[in-house]
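Trainee: I have a structure I would like to understand better, so I am pasting it below and will then ask my questions one at a time.
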Amino acid sequence: MAKAIKGDELLCTVCGATSMGPTTKCECPGGRSKPSSDYCQKQQLLDAAKARGAVENAKFKADNVRKQGEVQAARTKKKEGGGADIDAEVQGDGVEIQVKVDFPIGKLGMALEKNCVTKVTGDPAQECGVHKGWVLVSVDGTLVPASKSGVEKVVMSVFKEKMAGLVTFIFRTPITDGYSFCQSCDKFQEDNDFEAAQLEAGPGKQVCAGCEEFAGMF
């Protein structure tokens, strides 16, 4: 938490107001109680940092509710022949979009196989509208490999560096239902292009029939 309190200064020992907030002005009835030179500010600065984090998390929740509405609007527009939203830009052959999701630092609420979401286990992923089958592209601008351990290393590195605030995850997702991700050709293909066993294998393991057939030639 050293980074979270760096540069902050305790303004009042009674109400806990600090220079970085969230309370930046003392409103004590009797006036401000300035800390003495030997006063230990650490705990109150930590409390202020946690309070700032709570404010950021509340903002994050509201922003992601808005973003998921925009993503849904982008999908609807695409299905109806319209354009894409700025937070959900159409990619490649027009089958998929990229979605930006801001996560608070901490547990993600989702399970991965390689870089594919296999299960949404709770918040914040559930609240953000993340779905099974989405493919993680990058974390805070750093591209992630198609490897669960590789993704974990990138996520932990970014979280340790930032310490507080929100981190942007970018996912690939099909525009409409009925598509699954082929790990071999690196594309979302229609579900009827997969053998039943491949669909049952789940995200991160699925290979389309075309890739299976090609692999069988060697």
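Trainee: Take the residues in region 181-204 that are over 14 Å from residue 146 (Cβ atoms) and of a type in the set (D, E, K, R), then tell me which one is most open to solvent (accessible area, probe 1.4 Å).
Mentor: If we take residues in region 181-204 being over 14 Å from residue 146 (Cβ atoms) and of a type in the set (D, E, K, R), then 200 is most open to solvent (accessible area, probe 1.4 Å).
Trainee: Taking into account only those residues within region 167-180 that are modelled with pLDDT of 90 or more and either in a loop (DSSP other than H, G, I, E, B) or touching a Pro at 6+ places or on another chain (Cβ under 9 Å) (or both), which is surrounded by the most Cβ atoms within 10 Å (Cβ to Cβ)?
Mentor: Residue satisfying both the conditions and the ranking: 180.
Trainee: Could you tell me which residue of region 110-132 is nearest to residue 181 (Cα to Cα), considering only residues that are open to solvent by less than 20 Å² (accessible area, probe 1.4 Å) and outside any loop (DSSP other than H, G, I, E, B)?
Mentor: 116
Trainee: In addition: Suppose we keep only residues that are touching a Phe, Trp or Tyr at 6+ places or on another chain (Cβ under 8 Å) and of a type outside the set (Phe, Trp, Tyr) within region 169-183. Which one would you say is farthest from residue 50 (Cα to Cα)?
Mentor: Among residues in region 169-183 that are touching a Phe, Trp or Tyr at 6+ places or on another chain (Cβ under 8 Å) and of a type outside the set (Phe, Trp, Tyr), the one farthest from residue 50 (Cα to Cα) is 182.
Trainee: Moving to a separate point now. Quick check on region 1-38: of everything there that is surrounded by 12 or more Cβ atoms within 10 Å (Cβ to Cβ) and hydroxyl-bearing (Ser, Thr, Tyr), which residue is farthest from residue 106 (Cα to Cα)?
Mentor: The qualifying residue farthest from residue 106 (Cα to Cα) is 33.
Trainee: Next question, about the same structure. So, in region 133-166, how many residues would count as being closer than 26 Å to residue 200 by Cα, of a type in the set (Gly, Ala, Ser) and either open to solvent by 70 Å² or more (accessible area, probe 1.4 Å) or not in a loop (DSSP other than H, G, I, E, B) (or both)?
Mentor: Here the count works out to 2.
The values are calculated or read from the model by the stated rules, or taken from the named source; none is laboratory data. Treat the numbers as computed from the prediction; the structure is a model and nothing was measured. Backbone-built Cβ (ideal geometry, glycine too); neighbour counts: all protein chains shown. Just the protein is used for accessible areas: all its heavy atoms, side chains included, with ligands, DNA and RNA removed. Shrake-Rupley method; radii C 1.70, N 1.55, O 1.52, S 1.80 Å.
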